[in-house]
Amino acid sequence: MPTPRFTSLEICAGAGGQALGLEQAGFDPLALIDKDPDSCATLRANKEGWNVLKADLLTFDPAEHPYLYDVDLMAAGLPRVRSLTGGKKLPQDLEAHDLLKATIYLAHAVQPRALLIENVADLVESGHLVDLRTFVREELEHLGYELHRAVLDASDFGVPQERKQGFFVALRKEYSGRFQWPEPLVGEAPTVGDVLRASMAARGWPHASDWAARAARPAPTIVGGSRNRGGPDLGQSGSKTAWERLGVNGNSLGESVPAQDFPWPPESEDRKLLPKLTIPQVAVLQAFPPGWELKGNKTSRYCQIGHASPPPVAAAVGRAIAAALGNAGGSSV
């Protein structure tokens, strides 16, 4: 029996990590929406058949795209939501809340059979975001959906990175009872050394194997950073310390992997003497396929990677949604 195919609408699609995983799970996107020109260029460069729409979700009108009505799955990889209580409210944090609400309102218009929202773990479990979580649940229940929520760690699904992700999955009641969250894969996650040893040796660095032995665990969470605050790095001080333990200089990203004369071990404990990761290496740690082309300057490309949902996690969740929808809801593509 052929695997059933379903239709999807991807919003805030970014570099396409979630859409790629969902495609592997059986969901063919009718449209992918993002307002960032570099992200749209990335999507078009890698998938000629994808219908990429450069549009702002806050002003997107589905009436202008009637082919999106009654899509099987609407999937959203939204900007990371933070609590707005106390302290200064940054514009990007206000926008993240607005985009989450706009997603729910768009679901009201599009009426998908299933809705997937990926975000930080705090959105699913933190007491600081209970009001926003209640809004999502009440609005979706009013529309006739039942809501499932969970936190999954990417390292449980073959991604070489410890990355906790929060998920909402809402399904119409006739499908909801069949939904089950995916089970973690058996065995340990690949390590940074496992997946980057070959690239570290690509320019003849003789110490690549020694470096890989030190990098014998999954990566810390890759953070996307901000296009508004300068060049890319691997996070704040705590994250950089974790990278240092793996033998990586997290202060910035490199232009190339170590050359043959790069020293090892460094003559001091200064992390600045450790090798830096390149953009393609960070993409590997986010489980993008080899050759996935990213558009834009270095900061933009790094942001696209860091904000993406690793494709294997999206594929696992997508397969669970597809199993719940079964043949009854699938649309032939």
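The values are calculated or read from the model by the stated rules, or taken from the named source; none is laboratory data. The structure presented is a predicted model; accordingly, all values stated were derived computationally and were not measured. Reconstructed Cβ throughout: ideal geometry from the backbone, glycine too, with neighbour counts over all protein chains shown.
Worth pointing out:
- There is at least one residue in the stretch 20-32 that is surrounded by fewer than 21 Cβ atoms within 10 Å (Cβ to Cβ), in contact with a Pro (Cβ under 9 Å, 6 or more places away or on another chain), in contact (Cβ under 8 Å) with a residue 24 or more places away in the chain and within 18 Å of PRO311 (Cα to Cα).
- Only one of the listed residues (LEU129, LEU196) is under 23 Å from VAL282 (Cβ atoms), out of contact with any Pro (no Cβ under 8 Å at 6 or more places or on another chain), among the hydrophobic types (A, V, I, L, M, F, W, C) and part of a helix (DSSP H, G or I). That residue is LEU196.
- Selection within the stretch 143-193 - in contact with a His (Cβ under 7 Å, 6 or more places away or on another chain) and not aromatic (Phe, Trp, Tyr): LEU143, VAL169
- Residue in the stretch 45-67 that is over 22 Å from ALA109 (Cα atoms), part of a helix (DSSP H, G or I) and within 18 Å of the chain's Cα centre (by Cα) present: yes
Yes/no per residue for (1) part of a loop (DSSP other than H, G, I, E, B); (2) without any contact (Cβ under 8 Å) to a residue 60 or more places away in the chain; (3) not hydrophobic (A, V, I, L, M, F, W, C):
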| position | (1), (2), (3) |
| --- | --- |
| ALA213 | no, yes, no |
| ARG217 | yes, yes, yes |
| VAL248 | yes, yes, no |
| PRO280 | no, no, yes |
| ALA283 | no, yes, no |
| TYR302 | no, no, yes |
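- Qualifying residues in the stretch 162-178 (those that are aromatic (Phe, Trp, Tyr) and part of a strand (DSSP E or B)) - the one farthest from PRO190 (Cα to Cα): PHE168
- As a summary of the residue check, GLY231 satisfies the conditions (1) at pLDDT 95 or above; (2) part of a loop (DSSP other than H, G, I, E, B); (3) closer than 27 Å to LEU43 by Cβ except for the one numbered (1).
- Flag for VAL333 being modelled with pLDDT under 90 and touching a strand residue (DSSP E or B) at 6+ places or on another chain (Cβ under 9 Å): yes
- Some residue of the stretch 144-161 being assigned to a loop (DSSP other than H, G, I, E, B) and buried (at least 20 other Cβ atoms within 10 Å of the Cβ): yes
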